[in-house]
Structure formats: structure tokens, C-alpha cells
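Structure first, commentary second.
No lab work stands behind these numbers, since they all come straight from the coordinates. For clarity, every value in this text was computed on a predicted model and none was experimentally measured. Cβ placement follows ideal geometry from the backbone for every residue including glycine, while neighbour counts extend to all protein chains displayed.
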Amino acid sequence: MTNEIKAVVFDMDGVIIDSEPNHYRAICEAIGSEMTLSYDDFLSRFAGRDERYAMGEMAKELGIEYDEELFQKWSQTKSEAYAQFVSENAEPMPGAVDFVSTVARSFPVGLATGSRRSDVDAALRVLAGGRLEDVFQTIVTSDDVPKPKPHPATYAKAVQNLGFQPNECVAFEDSPNGILSAKGAGLRVVGISAMHGADKLGEADRIVPHLRGASLETLYSWLD
């Protein structure tokens, strides 16, 4: 099966960058004093979903009347806050930057994320000194698809942009919704359990704890 790998597609948050704390802080900034949901609430129930959905569900739970005008206001504030927070602390996931760089020397690589383009650009500018800023042949964000994760459109578009068939590609994901998106698009999936725990990632073809020390040989072994 390994000789069929022709491209690799990575999720961003929780796979390449430890960004969920910054996303949570930025959402708290946007919602303001009415925000009472904990970080654990956010991580277990809203991480891996696109911003519009997550904010809408939070508003519902917090009893806040939610409409397009409020979403745009929250989104703008959140975007500015996230860019500031990530500029102060952009922490890569263990081993991720080295592994992505290694894979990119042998395969075309894509990024398929539920985040908005502005958040991705802000993170890639500063993560590991901008080392991954020009690595990806395609970047698909929630701004680029009509239905974000867990719908398959994000991964389907990434694979299409790379010019391969889904079964020729492998995805790296950390969330149940991301795995559903990649599997729905026909990719094989390696789940990384650092954020959500292995028990939540059962749909993945292989589950690993992290990317620390991973190489091309490791990748092949995961897919044997």
C-alpha cells in the first residue's frame, strides 16, 4: 500500500501548530464578558469545527441572539486577537515542522483546515520562523468550501488541487471531525492523539501519539 502514496495532506490546528489555546483566547476576546464556556468545553465540543458553526453553537448555549451581523463582528475581533496571540506564542506540535519539511522533500503536500485563511496566514508567518510558509502546494481553508469539516469538501478540494486521486493520498488529522472529512473524501488517515485522545479517533486507519522523530520510513510503516 505504501507505494501508492503520491501526496500528503495535513490538518493545521493540533497537527502542525498547538493553536487551540490561542483560538480559545481569541474567541473569549470576541464574545467578551458573556463567555463562560471553559477551555475543556471548547476543546471537546467545538475544536475541529469551522468558526461560524462553533460561534453559533456557543452563542446558543450562552443564550446570546446570534445573527450574521454579530458573527461578522465576532469574527473580525477574533481574527485580530488570534493574529496577536499567535505572534506572541506560536508553538508547533512536537515533531511536526521537521516531519512536514521532510515529507515535502519527497511528496507534494497540502494543508486542509477548518480555520479561516486569515488565521492560517497569521500562524504560518511566525511558526518556526516562517519555515512552512511556502511549503504547501495547496492550502484549503473554511473560506474555500461551501461546507467545512466534517463535510468531505475540504479534503476533496485539497486532493483535486494537488492533482491526485484520494486513494493516492494520506491525511494527518487530530480531531474526529477532521477524520470524518478526510475519510469521507476517500483518503487514508493517520490520527494524532495528542489533543483529543486515541479513544476519539477510532475512524482513523492508524493512530499515533505524536510526530516527534517521525521520518519517511515511519510514514511507510504507519501505512503497511
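Within the stretch 20-88, the proportion of C-alpha pairs whose separation exceeds 20 Å stands at 18%. Each of Ser79, Ser38, Ser33 was scored by other Cβ atoms within 10 Å of its Cβ. Listed from fewest to most, they are Ser33, Ser38, Ser79.
Taking only Cα atoms and a 10 Å spring cutoff, compute GNM fluctuations for the chain and point out the largest among Pro150, Pro166, Pro209. Greatest mean-square fluctuation among the candidates belongs to Pro209. Its Cα centre serving as origin, the chain has a Cβ charge dipole (Lys and Arg +1, Asp and Glu -1) of approximately 560 debye. Placing unit charges on the Cβ atoms of the charged side chains and taking the dipole of the stretch 1-83 about its Cα centre, the candidate lying farthest along the positive direction among Ile27, Tyr39, Ile17 is Ile17.
Pull out a ≥ b ≥ c, the square roots of the eigenvalues of the alpha-carbon gyration tensor of the stretch 179-224, then state rounded if a/c is under 1.5, prolate if not and a/b is larger than b/c, and oblate in the remaining case. Write out the running numbers ahead of the final one.
Values: a/c = 2.32, a/b = 1.21, b/c = 1.91.
Verdict is oblate for the stretch 179-224.
Going down the table (Lys78/Lys183; Lys6/Lys200; Lys6/Lys73), which pairs top 32 Å between alpha carbons? Listed pairs above 32 Å: Lys6/Lys73.
Springs join every pair of Cα atoms under 10 Å in this Gaussian network model of the chain, and among Ile64, Ile16, Ile179 the largest mean-square fluctuation is at Ile64.
Toward the positive end of the charge dipole of the chain, with +1 on the Cβ of Lys and Arg and -1 on the Cβ of Asp and Glu, the farthest Cα among Leu70, His151, Ala90 is that of His151.
Each peptide among 108-114, 42-48 gets the average number of other Cβ atoms lying within 10 Å of its residues, and from highest to lowest they stand as 108-114, 42-48. With the helix formula -39500 (n - 2.57) applied to DSSP H stretches of n ≥ 4, the chain reaches a computed 222 nm mean residue ellipticity of -13000 deg cm²/dmol.
Normalising the Debye intensity of the chain to I(0), with uniform scatterers on Cα atoms only, and taking log10 at q = 0.08, 0.10, 0.11, 0.12 Å⁻¹ returns -0.26, -0.41, -0.50, -0.59.
Across q = 0.12, 0.15, 0.17 Å⁻¹, the stretch 144-204 modelled as identical point scatterers on its alpha-carbon atoms has Debye log10 I(q)/I(0) values of -0.25, -0.39, -0.50, in the order of the q list.
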